[in-house]
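Just below is one structure, and these are the notes that go with it.
Read-outs: derived from the displayed coordinates by stated rules, not from any lab. No experiment lies behind these values; they were computed from the predicted model shown. Positions of Cβ are generated from backbone atoms using ideal geometry, with glycine treated the same way; all protein chains shown enter the neighbour counts.
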Amino acid sequence: MEGATPTETMIVASARHLAGERVCFVGIGPPNIACNLARRTVAPDLELVYEAGVFGAVPERLPLSIGDPSLVTGATSVCSMFELFAYYLQGGLVDVAFLSGSQIDRFGNLNTTVIGDYSSPKVRLPGSGGACEIAINAHKVFVIMPQSTRTFVEKIDFRTSPGHLTGKRPAHWGAGPSVVVTGLGMYEFDDDSGEMCLTNLHPGVSLDDVQQATSWELRVGDHVSETPAPTEQELRVMREQLDPQGIYTRGG
Amino acid sequence: MEGATPTETMIVASARHLAGERVCFVGIGPPNIACNLARRTVAPDLELVYEAGVFGAVPERLPLSIGDPSLVTGATSVCSMFELFAYYLQGGLVDVAFLSGSQIDRFGNLNTTVIGDYSSPKVRLPGSGGACEIAINAHKVFVIMPQSTRTFVEKIDFRTSPGHLTGKRPAHWGAGPSVVVTGLGMYEFDDDSGEMCLTNLHPGVSLDDVQQATSWELRVGDHVSETPAPTEQELRVMREQLDPQGIYTRGG
Amino acid sequence: MSAAVADLVRDGDVVAIEGFTHLICFAAGHEIIRQRKRDLTLARLTPDVVYDQMIAAGVCKKLVFSWMGNPGVGSLHAIRRRVERADPAPLELEEYSHFGMVGRYMAGASKLPFWPLRSYYESDLPTVNPRIIEISSPYGDETVYAVPPLNPDVAIVHVQRASSGGDAQVWGLLGCQKEVAFAADRVVVVCEELVDDAVVRSDPNRTVIPGLIVDAVVVEPRACHPSYAQGYYDRDNRFYVEWDKIARDSARLSEWLDDWVYSLSSHQDYVAKLGEERWAQLTPTERWSQPVNYGRYD
Amino acid sequence: MSAAVADLVRDGDVVAIEGFTHLICFAAGHEIIRQRKRDLTLARLTPDVVYDQMIAAGVCKKLVFSWMGNPGVGSLHAIRRRVERADPAPLELEEYSHFGMVGRYMAGASKLPFWPLRSYYESDLPTVNPRIIEISSPYGDETVYAVPPLNPDVAIVHVQRASSGGDAQVWGLLGCQKEVAFAADRVVVVCEELVDDAVVRSDPNRTVIPGLIVDAVVVEPRACHPSYAQGYYDRDNRFYVEWDKIARDSARLSEWLDDWVYSLSSHQDYVAKLGEERWAQLTPTERWSQPVNYGRYD
């Protein structure tokens, strides 16, 4: 089987991190593939929650939007968006939520609103959607996004979703970003400083590569491991079942 | 056909007052019979709302409780109690609501909580239920209750549901009590003083009778009419269809 | 039921057996009496006959409510004796309106520190319950009232059908079954029928409670008598009328508890004791919903 | 549709065509374009392709929203041109999060002066939208954020089935169809199928909107294309992908509006123009819910 693309490695690494988790708030695209891969490998009991109001989705195909009809048919429960946000998310039932962003800073604060000034933006991005309340209320957050000096920035242009702020989060929020997975490596957050810290390099990626793709001086963990390459089984599930057209995993 | 009992006259008079109304928040007992009588006579398009979460009920039998299963089968809509109270009542869709009470004062303030002191009551009554929010949010309130010096009192022991307070209600509430129907007569409220004012005496009832059954000096309208006696048709619908056992109308 | 109550209801707990006239789990109340739980705070919009029975049996020290009565009949005499005459012991009350209680469960379910509503203005309720507080709108002069969240230790919720995983579906009056379940720390789902997961999944919009938040699933048909389960059995009005006479007399009430609760080992005994003739009278004819097509998307 | 839009949508109105990915009434958007309405404020959680079309056509001066994008594909280029380059005119934005928008509709529907939620802490959203305000809990130190009510002048809500009186039933994703309808002054219900009142009344728990609040009922099958109606047709992903190319180029976009909106007289023409082959591809196989018994109580 052909070797993994960086996106595939990113998805597989995220999926493995879902081992032992129960309730996952899913976004569309790579997080969705990661969650469905985890259900077929390390987390068979994972329950998928979609902000459109679905709990316990069992999609028969790769959902192409956050509200795909395949998420509804055969699901455990469909409720109003109010109930989903109030009872599941704000009520504290979501163990892990996936977020992404166009910019992230060293504390895991995310921007999905604008590049440039808010009132005269260079690029107008989608905005919060549910991200702001997800970032605050989910027990923990997995960030999955591409890495470059344009995305890993010293200062984000707009804080849509709070991460570890400037080091610490209020105790009555969820724990915030716990892992960041990119196409190059993985990061966790230092308990004391709240700062992103490299824990893994994906196969073939050097320390220099990740520093080159980061706008600040990267903090490196004491023991940086190489991410184990995606297994044949993981690649097969992903390529044959979850994204046969390669829309998300191979830019198809 | 046998002549009307005071309760029957009270119910018929209330029903006639529903002419032209659209959405009515119904209580159990006499109000329920009045509403169903109105649907069969003066207000065929009246929609019945029950606090249990029912809109557009078409009960095939006389409901024996506020949440009788006959209110559900065949109804237009059943929603959560939150939605009923928030969207229908608080949202301003209820034209008329029926309330009752163990005590009422001249301004239509109602007590359904305690007789005596709250912390060591002589008689513990049911409490508000939905009455407090109904009194505030319905466009207008019809009060239906028996009349005596124990019920028509100078000062109520507990204000469960605000009427015209001490004369005026805030403008952003519903208009409050608009009519009081008892077994003896009917009352409306003076626009300026907010005070209850006799408008009708039921057949065979004298002015002296109603004053004897009232603890304050009763205000009497300029033109007190005699309530037209229940017609044969009204009595027949009530006795044959709505309360064949006479549970509410003849104390059976 | 016996195991669920033994495991999940603890002395001193705040317990809510909800259901607005519909789906009131009397069987759970009886089991709590049988297990002689003590010092419970009982929460419920409408303490009715089941709470009169529990309070008479001495399981409860405090009642949180919005309307107490024997619906369609009259008073709850055991509760009134305790409130009016401390007979045989006082009963603490914490009182709201219906919408206030609904809001309390919703705040509890949503982890909100308060719930706002347009009620209580110029009522005496806030003067006797200082937890009902007037607050200002940040957008103008208007005020609303706030009620605090209610998070019961245990919610006992009856439903028509559930899967073995606890995914529960309800039709007819919904009451606050969903809100109290999401608000509670521990949830017992009691169902008329256990169904295949596929039945639940054939109609996900009908699911009111996900198994995720359920700690025990009890299959106990007819557990709501004399209350009712839409489509399964009717309200037994005769019992409500009889209860008025039973509860007026504390000796007669004790006798009733002996005959119908303490001397029976389970709700199945209670169902049998009522007799098939009574159940036949309470069974409605069928009236099925028209199904809807969810479509298969693969 | 033509009459409903002519009668109920007025220049300068706040209009909400809701539906979260599901039941988005594109046909209503096209009719508004065709009737050349002007100066509308468009509200919607997720301005997607339908609002990109409407905004490109010049019906809108302001957008109230929480997430703008072509779901699963990318950006909305007509909207971005107006926001980033005022091309051809500026577009005013009022921005919340999803839960904030949901809360705004709920406050509107409930006549509450604000809606509280646990969001926005330490986000920059309140700094660019001063209507998002931090408030204190009356029960302790905690704060929450408030959003103001949103009461659209008109809500246009697509549903699967409705009676001629406007009682409307929905299954699958509910979005905010109920909340926006109760919040709006005027409501247009657009349905896939008109059904007998008896069908609605066979399953009252499925009714999302009562006819009481509905001003017009429009029967317009397939009105959600390229969005979908659960059980009736699938999302037409090909169109979403194509839109990305069309909308990048304002000349091409104008041409598309000419071909698919201005030159057609109704949505029936649009449906026919897409062709039966396309519709056949979008039709799912059947998957019916298991019915429930409500019982007849007489």
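Taking Cα centre as origin and charging only the Cβ of basic (Lys, Arg, +1) and acidic (Asp, Glu, -1) residues, the dipole magnitude of the protein assembly as shown rounds to 140 debye. Measuring from centroid to centroid over Cα atoms, what is the spacing of segment D:126-186 and segment B:169-228 in Å? Cα centroid of segment D:126-186 versus Cα centroid of segment B:169-228: 41 Å apart.
Other residues whose C-beta falls under 12 angstrom from the C-beta of D:ALA27 contribute a net charge of -2, scoring Lys and Arg +1 and Asp and Glu -1. Suppose R0 equals 22 Å; then what is the FRET efficiency for A:SER206 and A:SER148 from their Cβ-Cβ distance, rounded to the nearest 0.05? About 0.90, to the nearest 0.05. Annotation note: chymotrypsin sites (Phe, Trp or Tyr not before Pro) in segment D:231-298 located in DSSP loop regions with a Cβ neighbour count of at most 11 within 10 Å are absent. The simple spin-label model puts a point 7 Å past each Cα toward its Cβ; for C:SER164 and B:LYS168 those points are separated by 6.9 nm. The residue in chain D that lies nearest, by its beta carbon, to the axis linking chain D with chain C is given here with the distance in whole angstrom as D:PRO291, 2. Do the alpha carbons of any pairs in D:LYS37/D:LYS245; D:LYS37/D:LYS273; A:LYS168/C:LYS61; A:LYS168/D:LYS62 sit beyond 32 Å of each other, and which pairs? Going by Cα-Cα distance, A:LYS168/C:LYS61; A:LYS168/D:LYS62 fall outside the 32 Å limit.
Let me check I've understood the local charge: for D:GLU193, count other residues with C-beta under 15 angstrom from its C-beta, Lys and Arg +1, Asp and Glu -1. What total comes out? Working shown, then result.
Details: positive: D:ARG161, D:ARG206, D:ARG222; negative: D:ASP167, D:GLU192, D:ASP196, D:ASP197, D:ASP203, D:GLU220, D:GLU286.
Taking every other residue near D:GLU193 into account, the sum is -4.
Rounded to the nearest 5, what is the percent of antiparallel bridges among the DSSP beta bridges in segment D:1-76?
Numbers: 1 of 8 bridges.
Rounded to the nearest five, the antiparallel share is 10 percent.
Counting Cβ atoms of other protein chains within 10 Å of each residue's Cβ and taking the mean over peptide C:19-26 gives 4.
If R₀ is 35 angstrom, what is the calculated FRET efficiency for the pair A:SER119 and A:TRP216, using the beta carbon separation as r and rounding to 0.05? Between A:SER119 and A:TRP216 the formula returns 0.85.
Placing a label point 7 Å from the Cα of D:ASP269 along the Cα-to-Cβ direction, the residues of segment D:1-42 whose backbone N falls under 12 Å of that point are D:31, D:34-35. When +1 charges are put on Lys and Arg Cβ atoms and -1 charges on Asp and Glu Cβ atoms, the dipole computed for chain B relative to its Cα centre reaches about 460 debye. Note on B:ALA175/B:ALA229: beta-carbon distance plugged into 1/(1 + (r/R0)^6) with R0 of 30 Å gives a FRET efficiency of 0.55.
The H on the amide N of C:CYS60, modeled in the peptide plane, is under 5 Å from the matching H of C:ASP39, C:LEU40, each at least 5 residues off or on a different chain.
Position C:GLU276: other-copy label points at 5.7 nm, ordered by increasing distance, label point 7 Å along Cα→C-beta. Counting only DSSP H runs of at least 4 residues, each contributing -39500 (n - 2.57), and dividing by the residue count of chain C, the helix-based mean residue ellipticity at 222 nm comes to -9000 deg cm²/dmol.
Just how many % of Cα pairs in segment B:202-252 lie over 15 Å apart, if you round to the nearest whole percent? It would help to have the intermediate numbers written out before the result.
Values: 802 of 1275 pairs.
Every Cα pair in segment B:202-252 considered, those over 15 Å come to 63 percent.
Each copy carries a label point for B:GLN245 at 7 Å from Cα toward Cβ; from one copy, the others' points are 6.4 nm away, ordered from shortest. With a sphere of radius 12 Å drawn around the Cβ of C:THR285, what net charge do the other residues whose Cβ falls strictly inside it have (Lys, Arg +1; Asp, Glu -1)? Within the 12 Å Cβ shell, the charges total -2.
Residues in segment A:111-120 carry Karplus couplings, in order, of 10, 10, 9, 8, 9, x, 7, 4, 7, 9 Hz; the curve used is 6.51 cos²θ - 1.76 cosθ + 1.60 with θ = phi - 60°, and Gly or Pro positions show x. Here is the size of segment A:6-242 from its Cα atoms: Rg then Dmax, 17.2, 49 Å. Considering only C:VAL219, B:SER80, A:LEU71, the residue lying farthest towards the positive end of the dipole of the protein assembly as shown is B:SER80, judged by Cα position with unit charges set on Cβ.
Separation of segment B:51-128 from segment A:27-47 is 48 Å, based on Cα centroids.
Along its first, second and third principal axes, ordered by size, the protein assembly as shown spans 98, 66, 51 Å in Cα coordinates. Between identical copies, the spacing of B:ASP190 label points, each set 7 Å from Cα toward the C-beta atom, reads 7.9 nm from nearest to farthest.
Across peptide B:131-139, the average count of Cβ atoms from other chains found within 10 Å of a residue's Cβ is 6.
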